[in-house]
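Engineer: Could you have a look at this structure, given as structure tokens, before my questions?
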Amino acid sequence: MNIILFGAPGVGKGTQAAILAERLGVPHISTGAIFRSAVAAGKPLGLEAKRYMDDGLLVPDELTTRIALDALDEPACANGFILDGYPRNIGQAEALAAALTAKGTSVGKVIYLTAPLDELVERMLKRGRVDDTEDVIRTRFEVYDAETSPVLNYFRAIDHVTEINGVGDVDEVHERIVAALNGSVQVDNA
Ligand code: AMP
């Protein structure tokens with residue numbers, strides 16, 4: 001099953017994607033994490049991406065789609081994957097759909113995690129990532145509203161979206177996601 005974790009910055013996509021990927025035994029692909037490790041390693045990709053990340057802006061599609069689709073090309077993704085932080089605009093959603101169609105597969109399920117804005121901001125400030133300052137957080141929400149939230153309607157139009165309340169402790173939210181996926185995928189009730 002190909003799963004996309006979707007939602008606003010700070011909603012817990014990364015945390016939930018990691019736990020779910022482990023439980024399902026499929027790769028967790030986070031474009032943000034790929035960029036951060038390229039930054040840490042001083043790679044040209046990181047230097048380019050950092051210019052946008054530091055300001056809370058989207059890294060250009062050309063770069064982002066290439067790294068996302070390269071990751072999906074790995075043999076480990078053949079039995080499914082959890083995507084976190086991609087796609088983030090309509091162009092990326094279309095590129096993903098085209099790439100999956102070319103592979104004879106498709107987006108299986110979009111899990112849309114939600115939480116109130118004040119809780120999102122509080123979580124991000126606690127997380128304390130370099131791009132979690134107040135100014136940058138504000139920009140990231142603006143970018144989410146303008147560019148990323150339309151992706152939800154794109155997926156809703158093709159009937160993929162399940163909305164999950166992201167408020168609660170990590171295990172509680174995880175179990176909600178598993179319950180929503182049951183019926184779509186075999187999840188061991190470990
Ligand atoms: P994240 O870890 O998902 O919050 O991503 C951190 C930053 O990486 C974002 O604020 C963007 O600058 C960049 N980034 C991650 N994923 C994407 C994407 N799909 N499109 C464009 N930029 C991205």
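The values are calculated or read from the model by the stated rules, or taken from the named source; none is laboratory data. Only a predicted model underlies this, so the values are computations on that prediction, with no experimental measurement involved. All Cβ positions, glycine included, derive from the backbone under ideal geometry; neighbour counts span all protein chains shown.
Engineer: Condition test on Lys103, is it in contact with a Ser or Thr (Cβ under 6 Å, 6 or more places away or on another chain) and within 24 Å of Ala71 (Cβ to Cβ)?
Structural biologist: no
Engineer: Kindly indicate the residue of the range 131-184 that is within 16 Å of the ligand (Cβ to nearest atom) and β-branched (Val, Ile, Thr) and also nearest to Asp55 (Cα to Cα) among those meeting that condition.
Structural biologist: So the residue we want is Val136.
Engineer: Step by step: first the residues of the range 140-158, then only those that are among the small types (Gly, Ala, Ser) and either at pLDDT below 95 or exposed (fewer than 12 other Cβ atoms within 10 Å of the Cβ) (or both), then the one that is farthest from Pro9 (Cα to Cα). Which residue is that?
Structural biologist: Looking only at the range 140-158, we keep the residues that are among the small types (Gly, Ala, Ser), and these are 146, 149, 157.
Remaining after also requiring either at pLDDT below 95 or exposed (fewer than 12 other Cβ atoms within 10 Å of the Cβ) (or both): 146, 157.
Numbers: Ala146: 13, Ala157: 23 Å.
Result: Ala157.
Engineer: Hey, could you check the range 118-130 for residues that are within 18 Å of the chain's Cα centre (by Cα) and either of a type in the set (A, V, I, L, M) or farther than 20 Å from Ala17 by Cα (or both) and say which is farthest from the ligand (Cβ to nearest atom)?
Structural biologist: My answer is Val121.
Engineer: Would you please name the residue that is nearest to the chain's Cα centre (by Cα), looking only at residues in the range 40-63 that are acidic (Asp, Glu) and near the ligand (Cβ under 10 Å from one of its atoms)?
Structural biologist: Here the residue is Asp61.
Engineer: Quick check on Ala18: is it touching a strand residue (DSSP E or B) at 6+ places or on another chain (Cβ under 6 Å), at pLDDT 95 or above and either closer than 21 Å to Gly168 by Cα or assigned to a strand (DSSP E or B) (or both)?
Structural biologist: In short, yes.
Engineer: Of the residues Ala71, Ala21, Ala97, which is more than 10 Å from the ligand (Cβ to nearest atom), surrounded by 16 or more Cβ atoms within 10 Å (Cβ to Cβ) and either closer than 20 Å to Asn182 by Cβ or in contact (Cβ under 8 Å) with a residue 60 or more places away in the chain (or both)?
Structural biologist: Only one candidate passes the filter, namely Ala21.
Engineer: Looking only at the range 1-15, count every residue that is under 19 Å from Leu72 (Cβ atoms) and part of a helix (DSSP H, G or I) and tell me the total. Spell out how you get there, then give the answer.
Structural biologist: The initial filter retains those residues of the range 1-15 that are under 19 Å from Leu72 (Cβ atoms), namely 1-6, 13-14.
Keeping just the survivors that are part of a helix (DSSP H, G or I) gives 13-14.
So the answer is 2.
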